[in-house]
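The structure appears right after this line, and notes come after that.
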């Protein structure tokens, strides 16, 4: 699944909230999100206006691994399937 290119750090933090993640601290241009669901886990993300695709992919991968799913399933949960977004054939 191709990830969106216009996701900010704050957008990602908002999307992760239903998964149990909360902003636990912010220093400069980075924020730490933590959860106690499925065990303790923290991830640090930049607050940039648009996250780089590799950064977004990495965060989704480590969060998905913690939640016991995969990155594609987590991305589809947040942004729907490519067909539902009007992409793909």
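Bear in mind that the values in this text are calculations on the coordinates, not laboratory data. Not measured: the values here are computed from a predicted model. When we count neighbours, we look across all protein chains shown, and the Cβ atoms used for this are built from the backbone with ideal geometry, even at glycine.
Look at the range 1-32 and say how many of its residues are in contact (Cβ under 8 Å) with a residue 24 or more places away in the chain and closer than 17 Å to residue 67 by Cα.
Keep residues of the range 1-32 that are in contact (Cβ under 8 Å) with a residue 24 or more places away in the chain, which gives 1-10, 12-13, 15-16, 19, 21.
Those left that are additionally closer than 17 Å to residue 67 by Cα: 12-13, 15-16, 19, 21.
Residues flagged as in contact (Cβ under 8 Å) with a residue 24 or more places away in the chain and closer than 17 Å to residue 67 by Cα within the range 1-32 amount to 6.
When only residues in the range 14-36 that are surrounded by fewer than 18 Cβ atoms within 10 Å (Cβ to Cβ) and within 14 Å of residue 56 (Cα to Cα) count, which is nearest to the chain's Cα centre (by Cα)?
If we take residues in the range 14-36 being surrounded by fewer than 18 Cβ atoms within 10 Å (Cβ to Cβ) and within 14 Å of residue 56 (Cα to Cα), then 14 is nearest to the chain's Cα centre (by Cα).
Run residue 58 past the list (1) assigned to a helix (DSSP H, G or I); (2) touching a residue at least 12 places away in the same chain (Cβ under 8 Å) and report the number of the one that doesn't hold.
For residue 58, the failing item is (2).
How many of the residues making up the range 45-60 are in contact with a helix residue (DSSP H, G or I) (Cβ under 9 Å, 6 or more places away or on another chain) and surrounded by fewer than 13 Cβ atoms within 10 Å (Cβ to Cβ)?
Result for the range 45-60: 1.
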